[in-house]
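S.K.: Below is one structure. I have some questions about it.
The values are calculated or read from the model by the stated rules, or taken from the named source; none is laboratory data. What you are looking at is a predicted structure, and each value in this text was computed from that prediction instead of being measured. Here the Cβ positions follow ideal geometry from the backbone for every residue, glycine too, while neighbour counts run over all protein chains shown. Just the protein is used for accessible areas: all its heavy atoms, side chains included, with ligands, DNA and RNA removed. Shrake-Rupley method; radii C 1.70, N 1.55, O 1.52, S 1.80 Å.
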Amino acid sequence: MAKDLVDPVDELRQNTAQPFERAHAMPPSVYTSDAFLKEELEHVFSKDWFCVGRSDSLANAGDYTTCELAGQPILVIRDRDGELRALSNVCLHRMSTLLHGRGTARSIVCPYHAWTYNLDGSLRGAPAMTLNEGFCKDQYQLPKVRCEEWLGWVFVTLSEDVPPVATQLAQVEDMVAGYDMTNYAETFYEEHVWDTNWKVLAENFMESYHLPVCHAGTIGGLSKLEDMVCPPGLPAFNYHTILKDDQLRIAMAHPSNDRLKGEERRTTFLLAIYPSLMITLTPGYFWYLSLHPKGPGQVHIRFGGGMSDDYADDADAQKNFEALKTLLDEVNVEDRGCTEKVYNGLCSDRAVPGHLSHLERPNYDFAQYLMAKIEQGRAAASL
Ligand code: FES
Ligand SMILES: [Fe+2]
(Lines give C-alpha, C1' and ligand atoms only; values in the text may rest on other atoms or scores of the structure.)
(Ligands and ions follow the chains in the order given, each with its own letter.)
Protein backbone atom coordinates (compact mmCIF):
# COMPACT_ATOMS: atom_id res chain seq x y z
CA MET A 1 0.00 0.00 0.00
CA ALA A 2 1.27 3.51 -0.76
CA LYS A 3 2.66 5.16 2.35
CA ASP A 4 0.06 7.94 2.52
CA LEU A 5 -2.82 5.44 2.38
CA VAL A 6 -1.77 3.74 5.60
CA ASP A 7 -3.78 4.95 8.62
CA PRO A 8 -1.19 5.93 11.24
CA VAL A 9 -3.63 5.18 14.07
CA ASP A 10 -4.04 1.62 12.77
CA GLU A 11 -0.28 1.31 12.55
CA LEU A 12 0.13 2.50 16.14
CA ARG A 13 -2.62 0.13 17.28
CA GLN A 14 -0.71 -2.83 15.83
CA ASN A 15 2.55 -1.53 17.25
CA THR A 16 1.21 -1.10 20.80
CA ALA A 17 -0.55 -4.50 20.78
CA GLN A 18 2.87 -6.14 21.24
CA PRO A 19 4.08 -6.97 24.77
CA PHE A 20 7.10 -5.01 25.98
CA GLU A 21 9.35 -8.07 25.57
CA ARG A 22 8.80 -7.91 21.81
CA ALA A 23 8.29 -4.15 21.38
CA HIS A 24 9.38 -2.02 18.45
CA ALA A 25 9.80 1.74 18.12
CA MET A 26 6.65 3.56 16.95
CA PRO A 27 5.99 3.60 13.18
CA PRO A 28 7.28 6.59 11.17
CA SER A 29 3.79 7.77 10.15
CA VAL A 30 2.90 8.76 13.74
CA TYR A 31 5.76 11.26 13.62
CA THR A 32 5.50 12.55 10.07
CA SER A 33 1.81 12.63 9.11
CA ASP A 34 -0.58 15.55 9.40
CA ALA A 35 -3.36 13.04 10.03
CA PHE A 36 -1.73 11.77 13.24
CA LEU A 37 -0.93 15.29 14.42
CA LYS A 38 -4.62 16.14 14.09
CA GLU A 39 -5.50 13.15 16.28
CA GLU A 40 -2.94 14.26 18.88
CA LEU A 41 -4.22 17.81 19.03
CA GLU A 42 -7.82 16.68 19.33
CA HIS A 43 -7.46 13.70 21.67
CA VAL A 44 -4.23 14.33 23.57
CA PHE A 45 -3.36 18.05 23.84
CA SER A 46 -7.02 19.17 24.05
CA LYS A 47 -7.84 16.52 26.65
CA ASP A 48 -4.93 16.51 29.08
CA TRP A 49 -2.95 18.98 31.18
CA PHE A 50 -0.28 21.18 29.58
CA CYS A 51 2.47 22.83 31.66
CA VAL A 52 3.16 26.52 31.00
CA GLY A 53 6.04 26.82 33.49
CA ARG A 54 6.82 27.45 37.14
CA SER A 55 4.62 29.25 39.60
CA ASP A 56 7.50 31.30 41.09
CA SER A 57 8.03 32.97 37.71
CA LEU A 58 4.42 34.23 38.01
CA ALA A 59 4.72 35.34 41.62
CA ASN A 60 3.41 38.93 41.51
CA ALA A 61 0.11 40.50 40.44
CA GLY A 62 0.13 41.03 36.70
CA ASP A 63 2.88 38.45 35.94
CA TYR A 64 1.76 36.53 32.89
CA THR A 65 2.75 33.89 30.38
CA THR A 66 1.05 32.80 27.18
CA CYS A 67 0.79 29.63 25.17
CA GLU A 68 -1.06 28.17 22.25
CA LEU A 69 -2.61 24.89 23.33
CA ALA A 70 -4.01 22.74 20.51
CA GLY A 71 -4.54 25.89 18.44
CA GLN A 72 -6.14 27.89 21.28
CA PRO A 73 -4.30 31.04 22.47
CA ILE A 74 -4.31 31.11 26.29
CA LEU A 75 -2.90 33.55 28.81
CA VAL A 76 -2.10 32.75 32.43
CA ILE A 77 -1.91 35.71 34.78
CA ARG A 78 -1.60 36.34 38.53
CA ASP A 79 -4.61 38.32 39.68
CA ARG A 80 -4.50 41.06 42.36
CA ASP A 81 -5.91 38.63 44.91
CA GLY A 82 -2.96 36.25 44.31
CA GLU A 83 -4.91 33.74 42.28
CA LEU A 84 -3.48 32.39 39.07
CA ARG A 85 -6.05 32.57 36.28
CA ALA A 86 -6.01 31.17 32.77
CA LEU A 87 -8.10 33.04 30.21
CA SER A 88 -8.73 32.99 26.50
CA ASN A 89 -6.05 35.21 24.96
CA VAL A 90 -8.40 36.47 22.25
CA CYS A 91 -9.83 39.99 22.31
CA LEU A 92 -13.61 40.24 22.45
CA HIS A 93 -13.66 43.08 19.90
CA ARG A 94 -12.22 42.00 16.52
CA MET A 95 -10.43 39.01 17.95
CA SER A 96 -6.74 39.87 17.97
CA THR A 97 -4.55 37.95 20.38
CA LEU A 98 -3.90 40.05 23.49
CA LEU A 99 -0.68 39.23 25.37
CA HIS A 100 2.46 37.68 23.89
CA GLY A 101 5.43 35.89 25.45
CA ARG A 102 5.96 36.46 29.18
CA GLY A 103 5.98 39.65 31.21
CA THR A 104 4.13 41.78 33.74
CA ALA A 105 1.03 43.84 32.95
CA ARG A 106 -1.03 46.30 35.02
CA SER A 107 -4.00 45.45 32.84
CA ILE A 108 -4.54 43.47 29.65
CA VAL A 109 -4.52 45.95 26.77
CA CYS A 110 -5.34 44.77 23.27
CA PRO A 111 -2.57 45.83 20.83
CA TYR A 112 -5.14 46.61 18.10
CA HIS A 113 -7.70 49.20 19.44
CA ALA A 114 -6.83 49.17 23.14
CA TRP A 115 -9.86 47.48 24.60
CA THR A 116 -8.58 47.03 28.14
CA TYR A 117 -9.30 44.14 30.50
CA ASN A 118 -8.78 43.73 34.25
CA LEU A 119 -6.49 40.93 35.43
CA ASP A 120 -9.59 38.79 36.06
CA GLY A 121 -10.59 39.10 32.39
CA SER A 122 -13.50 41.53 32.85
CA LEU A 123 -13.56 44.48 30.44
CA ARG A 124 -12.42 47.68 32.12
CA GLY A 125 -12.89 50.05 29.22
CA ALA A 126 -12.94 50.52 25.46
CA PRO A 127 -12.27 53.77 23.57
CA ALA A 128 -14.96 55.39 21.39
CA MET A 129 -17.68 52.81 22.02
CA THR A 130 -20.34 55.05 23.58
CA LEU A 131 -22.32 55.53 20.36
CA ASN A 132 -22.96 51.83 19.85
CA GLU A 133 -26.30 51.36 21.63
CA GLY A 134 -25.84 47.63 22.04
CA PHE A 135 -22.41 47.87 23.68
CA CYS A 136 -22.31 47.30 27.43
CA LYS A 137 -18.88 46.77 28.89
CA ASP A 138 -20.22 44.73 31.80
CA GLN A 139 -21.23 42.01 29.40
CA TYR A 140 -17.66 41.31 28.33
CA GLN A 141 -15.51 38.75 30.16
CA LEU A 142 -12.64 36.78 28.66
CA PRO A 143 -13.62 33.09 28.82
CA LYS A 144 -11.94 31.19 31.68
CA VAL A 145 -9.73 28.14 31.18
CA ARG A 146 -8.96 25.54 33.88
CA CYS A 147 -5.63 26.24 35.58
CA GLU A 148 -3.96 24.44 38.50
CA GLU A 149 -0.75 24.71 40.48
CA TRP A 150 0.98 21.56 41.70
CA LEU A 151 4.39 21.38 43.45
CA GLY A 152 5.31 24.72 41.90
CA TRP A 153 4.21 23.78 38.37
CA VAL A 154 1.44 25.61 36.49
CA PHE A 155 -0.85 23.60 34.24
CA VAL A 156 -3.77 24.50 32.00
CA THR A 157 -6.30 22.31 30.22
CA LEU A 158 -9.07 22.78 27.69
CA SER A 159 -10.86 19.74 29.11
CA GLU A 160 -13.68 19.98 31.65
CA ASP A 161 -13.39 16.28 32.45
CA VAL A 162 -9.74 15.51 33.08
CA PRO A 163 -9.16 14.86 36.82
CA PRO A 164 -7.20 17.45 38.86
CA VAL A 165 -3.41 17.42 38.40
CA ALA A 166 -2.85 16.44 42.03
CA THR A 167 -5.09 13.39 41.56
CA GLN A 168 -3.43 12.31 38.33
CA LEU A 169 0.07 12.77 39.71
CA ALA A 170 -0.42 11.60 43.32
CA GLN A 171 2.16 8.82 42.85
CA VAL A 172 4.75 11.30 41.56
CA GLU A 173 4.18 13.43 44.63
CA ASP A 174 4.80 10.44 46.94
CA MET A 175 7.80 9.21 45.00
CA VAL A 176 9.73 12.50 45.08
CA ALA A 177 8.40 13.82 48.40
CA GLY A 178 11.95 14.08 49.83
CA TYR A 179 12.99 16.47 47.05
CA ASP A 180 10.40 19.08 48.09
CA MET A 181 9.96 20.16 44.47
CA THR A 182 7.80 23.18 45.35
CA ASN A 183 10.89 24.88 46.77
CA TYR A 184 13.01 24.81 43.64
CA ALA A 185 13.42 28.30 42.18
CA GLU A 186 13.45 28.95 38.45
CA THR A 187 16.58 30.88 37.47
CA PHE A 188 16.36 30.62 33.71
CA TYR A 189 13.60 30.26 31.12
CA GLU A 190 13.84 30.16 27.33
CA GLU A 191 11.70 29.17 24.37
CA HIS A 192 13.06 27.39 21.31
CA VAL A 193 11.87 25.67 18.13
CA TRP A 194 13.68 22.56 16.89
CA ASP A 195 13.21 20.76 13.59
CA THR A 196 11.92 17.47 14.89
CA ASN A 197 8.62 15.92 15.92
CA TRP A 198 7.65 16.65 19.53
CA LYS A 199 7.53 12.92 20.35
CA VAL A 200 11.09 12.37 19.13
CA LEU A 201 12.27 14.91 21.69
CA ALA A 202 9.94 13.54 24.40
CA GLU A 203 11.21 10.02 23.79
CA ASN A 204 14.80 11.19 23.74
CA PHE A 205 14.20 12.49 27.24
CA MET A 206 12.55 9.26 28.38
CA GLU A 207 15.55 7.06 27.79
CA SER A 208 19.09 7.45 29.02
CA TYR A 209 20.26 4.69 26.66
CA HIS A 210 21.60 7.43 24.35
CA LEU A 211 23.71 9.19 27.00
CA PRO A 212 27.07 7.41 26.52
CA VAL A 213 26.99 7.96 22.74
CA CYS A 214 24.98 11.08 21.87
CA HIS A 215 26.50 12.86 24.89
CA ALA A 216 30.05 11.50 24.58
CA GLY A 217 31.27 15.13 24.44
CA THR A 218 29.66 16.15 27.76
CA ILE A 219 27.93 13.91 30.32
CA GLY A 220 28.27 10.59 28.46
CA GLY A 221 31.21 9.43 30.56
CA LEU A 222 29.28 10.01 33.81
CA SER A 223 26.39 7.77 32.79
CA LYS A 224 26.62 4.02 33.17
CA LEU A 225 23.94 1.93 31.47
CA GLU A 226 23.97 -0.51 34.40
CA ASP A 227 23.05 2.28 36.85
CA MET A 228 19.83 3.15 34.99
CA VAL A 229 16.56 1.87 36.38
CA CYS A 230 13.45 1.90 34.15
CA PRO A 231 10.34 0.66 35.97
CA PRO A 232 7.00 0.26 34.17
CA GLY A 233 5.11 3.55 33.89
CA LEU A 234 1.76 4.58 35.39
CA PRO A 235 -1.29 5.96 33.52
CA ALA A 236 -0.33 9.65 33.69
CA PHE A 237 3.47 9.49 33.64
CA ASN A 238 6.58 7.37 33.32
CA TYR A 239 9.97 7.77 34.94
CA HIS A 240 13.43 6.36 35.22
CA THR A 241 16.33 7.07 37.53
CA ILE A 242 20.07 7.42 37.14
CA LEU A 243 22.76 7.68 39.80
CA LYS A 244 25.20 10.56 39.70
CA ASP A 245 28.47 10.94 41.56
CA ASP A 246 30.13 14.02 42.98
CA GLN A 247 31.79 14.99 39.70
CA LEU A 248 28.70 17.21 39.54
CA ARG A 249 28.41 18.35 43.15
CA ILE A 250 25.12 20.21 42.81
CA ALA A 251 23.43 17.03 41.57
CA MET A 252 24.05 15.64 45.09
CA ALA A 253 21.91 16.44 48.12
CA HIS A 254 23.23 19.50 49.97
CA PRO A 255 24.86 18.64 53.33
CA SER A 256 22.05 20.55 55.07
CA ASN A 257 19.40 18.39 53.34
CA ASP A 258 18.21 15.80 55.86
CA ARG A 259 15.13 14.79 53.89
CA LEU A 260 16.93 12.50 51.43
CA LYS A 261 18.61 9.31 52.69
CA GLY A 262 21.19 6.86 51.30
CA GLU A 263 21.25 6.44 47.50
CA GLU A 264 18.42 8.96 47.17
CA ARG A 265 21.02 11.63 47.91
CA ARG A 266 22.60 11.03 44.50
CA THR A 267 19.55 9.88 42.54
CA THR A 268 18.29 11.84 39.54
CA PHE A 269 14.65 11.30 38.56
CA LEU A 270 13.68 11.73 34.93
CA LEU A 271 9.94 12.28 35.01
CA ALA A 272 7.86 12.30 31.83
CA ILE A 273 4.48 13.76 32.78
CA TYR A 274 2.11 13.04 29.90
CA PRO A 275 1.74 14.31 27.39
CA SER A 276 4.70 16.66 27.23
CA LEU A 277 6.30 17.86 30.49
CA MET A 278 9.77 16.38 30.95
CA ILE A 279 11.45 17.07 34.31
CA THR A 280 15.01 16.25 35.35
CA LEU A 281 14.96 16.40 39.12
CA THR A 282 18.19 16.07 41.09
CA PRO A 283 18.63 16.76 44.80
CA GLY A 284 20.34 20.08 43.97
CA TYR A 285 18.83 21.41 40.74
CA PHE A 286 16.11 20.79 38.19
CA TRP A 287 15.41 21.58 34.57
CA TYR A 288 12.45 20.91 32.35
CA LEU A 289 11.07 20.90 28.84
CA SER A 290 7.40 21.49 28.11
CA LEU A 291 6.74 20.53 24.51
CA HIS A 292 4.07 21.39 22.00
CA PRO A 293 3.92 20.37 18.34
CA LYS A 294 4.29 23.04 15.69
CA GLY A 295 3.42 20.90 12.70
CA PRO A 296 4.71 17.30 12.43
CA GLY A 297 8.32 18.38 11.83
CA GLN A 298 8.77 21.13 14.44
CA VAL A 299 8.50 21.28 18.20
CA HIS A 300 8.01 24.37 20.35
CA ILE A 301 10.03 24.05 23.57
CA ARG A 302 9.59 25.82 26.90
CA PHE A 303 12.92 25.24 28.67
CA GLY A 304 13.54 26.30 32.25
CA GLY A 305 15.34 25.28 35.41
CA GLY A 306 16.96 26.30 38.65
CA MET A 307 18.19 25.28 42.07
CA SER A 308 16.73 23.65 45.14
CA ASP A 309 16.51 26.08 48.04
CA ASP A 310 19.17 24.11 50.01
CA TYR A 311 21.83 25.57 47.72
CA ALA A 312 20.51 29.13 47.57
CA ASP A 313 22.54 30.40 50.55
CA ASP A 314 25.89 28.93 49.47
CA ALA A 315 28.54 31.50 48.59
CA ASP A 316 29.27 29.75 45.29
CA ALA A 317 25.64 28.94 44.38
CA GLN A 318 25.51 31.39 41.50
CA LYS A 319 28.85 30.24 40.04
CA ASN A 320 27.82 26.59 40.25
CA PHE A 321 24.55 27.28 38.61
CA GLU A 322 26.12 29.23 35.76
CA ALA A 323 28.46 26.29 35.13
CA LEU A 324 25.46 23.96 35.13
CA LYS A 325 23.56 26.15 32.65
CA THR A 326 26.57 26.10 30.31
CA LEU A 327 26.65 22.31 30.57
CA LEU A 328 22.87 22.02 29.94
CA ASP A 329 23.23 24.20 26.84
CA GLU A 330 26.00 21.95 25.52
CA VAL A 331 23.94 18.84 26.26
CA ASN A 332 20.99 20.41 24.43
CA VAL A 333 23.11 21.02 21.33
CA GLU A 334 23.89 17.29 21.33
CA ASP A 335 20.23 16.35 21.86
CA ARG A 336 19.17 18.73 19.12
CA GLY A 337 21.61 17.08 16.71
CA CYS A 338 20.39 13.58 17.57
CA THR A 339 16.66 14.36 17.52
CA GLU A 340 16.83 16.31 14.26
CA LYS A 341 18.75 13.40 12.69
CA VAL A 342 16.02 11.03 13.86
CA TYR A 343 13.38 13.20 12.23
CA ASN A 344 15.34 13.19 8.96
CA GLY A 345 15.55 9.41 9.15
CA LEU A 346 11.85 9.04 9.95
CA CYS A 347 10.98 10.91 6.74
CA SER A 348 12.79 8.33 4.62
CA ASP A 349 10.77 5.83 2.55
CA ARG A 350 13.05 3.19 4.01
CA ALA A 351 12.47 4.06 7.68
CA VAL A 352 11.56 0.88 9.58
CA PRO A 353 11.16 0.73 13.39
CA GLY A 354 13.57 -1.59 15.21
CA HIS A 355 13.24 -3.41 18.56
CA LEU A 356 13.42 -1.46 21.83
CA SER A 357 16.04 -2.03 24.54
CA HIS A 358 14.98 -2.77 28.13
CA LEU A 359 16.29 0.77 28.77
CA GLU A 360 13.48 2.10 26.56
CA ARG A 361 10.67 0.87 28.78
CA PRO A 362 9.36 4.46 29.23
CA ASN A 363 9.11 4.84 25.43
CA TYR A 364 6.92 1.75 25.28
CA ASP A 365 4.67 3.12 28.03
CA PHE A 366 4.43 6.49 26.26
CA ALA A 367 3.20 4.77 23.08
CA GLN A 368 0.59 2.92 25.19
CA TYR A 369 -0.57 6.23 26.68
CA LEU A 370 -0.91 7.87 23.24
CA MET A 371 -2.87 4.96 21.87
CA ALA A 372 -5.18 4.88 24.90
CA LYS A 373 -5.88 8.65 24.69
CA ILE A 374 -6.68 8.45 20.99
CA GLU A 375 -8.96 5.42 21.46
CA GLN A 376 -10.75 7.16 24.37
CA GLY A 377 -11.11 10.40 22.41
CA ARG A 378 -12.44 8.63 19.34
CA ALA A 379 -14.91 6.60 21.42
CA ALA A 380 -16.20 9.75 23.19
CA ALA A 381 -16.54 11.58 19.85
CA SER A 382 -18.63 8.78 18.36
CA LEU A 383 -21.18 8.72 21.23
S1 FES B 1 -9.35 43.62 18.34
FE2 FES B 1 -8.88 44.07 20.38
S3 FES B 1 -9.39 46.09 20.61
FE4 FES B 1 -9.97 45.68 18.58
FE1 LIG C 1 20.04 13.60 25.75
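S.K.: For K244, which lysines qualify as cross-link partners when the Cα separation must be under 18 Å and same-chain residues fewer than eight apart are set aside?
M.R.: Once the sequence-local lysines are set aside, what remains near K244 is K224, K261, K325.
S.K.: Continuing with the same structure: Name the residue from A351, Y274, Q72 whose Cα lies farthest towards the positive end of the charge dipole of the chain, charges +1 on Cβ of Lys and Arg and -1 on Cβ of Asp and Glu.
M.R.: Q72
S.K.: Now for a different question. Beyond 24 Å between alpha-carbons counts as too far, so tell me which of K47/K341; K144/K199; K47/K199 fall in that bin.
M.R.: K47/K341; K144/K199
S.K.: Can I ask one more? For the chain, modelled as a Gaussian network with Cα springs under 10 Å, which listed residue fluctuates most, E190, E68, E334?
M.R.: Per the Cα network of the chain with a 10 Å cutoff, E190 tops the list.
S.K.: Moving to a separate point now. What is the chain's relative contact order, in percent, from Cα pairs under 8 angstrom and six or more apart in sequence?
M.R.: So the answer I get is 20 percent.
S.K.: Compute the label zone of H24 within the stretch 357-383: residues whose backbone N is under 16 Å from the point 7 Å along Cα-to-Cβ.
M.R.: What the label zone holds, given the 16 Å backbone N cut-off, is 357, 364, 367-368.
S.K.: If you don't mind, there's one more thing I want to ask. Could you let me know the centre-to-centre spacing of the stretch 94-142 and the stretch 293-349, using Cα atoms, in angstrom?
M.R.: Centre-to-centre distance over Cα atoms comes out at 37 Å.
S.K.: May I pose another question? Run the accessible area of the stretch 1-145 with a 1.4 Å probe and give the carbon-and-sulfur part as a rounded percent.
M.R.: 50 percent
S.K.: State the Kirkwood hydrodynamic radius of the chain in Å, one decimal place, computed from all pairs of distinct Cα atoms.
M.R.: The answer is 22.3 Å.
S.K.: With every protein chain kept in place and ligands, DNA and RNA left out, what is the accessible area per residue of the chain? Probe 1.4 Å, answer in Å².
M.R.: 45 Å²
S.K.: Select from G125, G134, G306 the residue whose mean-square fluctuation is largest in a Gaussian network model of the chain (Cα-Cα springs shorter than 10 Å).
M.R.: Greatest mean-square fluctuation among the candidates belongs to G134.
S.K.: If you put +1 on each Lys and Arg Cβ and -1 on each Asp and Glu Cβ, how big is the dipole of the stretch 246-354 around its Cα centre, in Debye rounded to 20?
M.R.: So the dipole magnitude of the stretch 246-354 works out to roughly 440 debye.
S.K.: Quick check: net charge around S57, other residues with Cβ under 15 Å of its Cβ, Lys/Arg +1 and Asp/Glu -1?
M.R.: -2
S.K.: At 222 nm, what value in deg cm²/dmol follows for the chain if DSSP H runs of at least 4 each add -39500 (n - 2.57) and the sum is divided by all its residues, to the nearest 500?
M.R.: Here the helix-only value at 222 nm equals -7500 deg cm²/dmol.
S.K.: Expressed in nm to one decimal, what extension gain is obtained for the pair Q376 and E190 from 0.36 nm per residue of sequence separation less their Cα-Cα distance?
M.R.: Gain on extension, Q376 to E190, equals 63.6 nm.
S.K.: If the cut-off is 16 Å between C-alpha atoms, which aspartates and glutamates fall inside it for K294, apart from same-chain ones fewer than 8 positions away?
M.R.: The qualifying aspartates and glutamates are D34, E39, E40, E42, E68, E191, D195, E340.
S.K.: Right, here's the next one. Quickly work out the K319-to-H93 label distance, labels modelled 7 Å from Cα along the C-beta direction, and quote it in nm with one decimal.
M.R.: Placing both labels 7 Å along Cα→Cβ, they lie 5.4 nm apart.
S.K.: What full-extension length gain, to one decimal in nm, is calculated for K224 and V333 as 0.36 nm per residue of separation minus the Cα-Cα distance?
M.R.: Gain on extension, K224 to V333, equals 37.1 nm.
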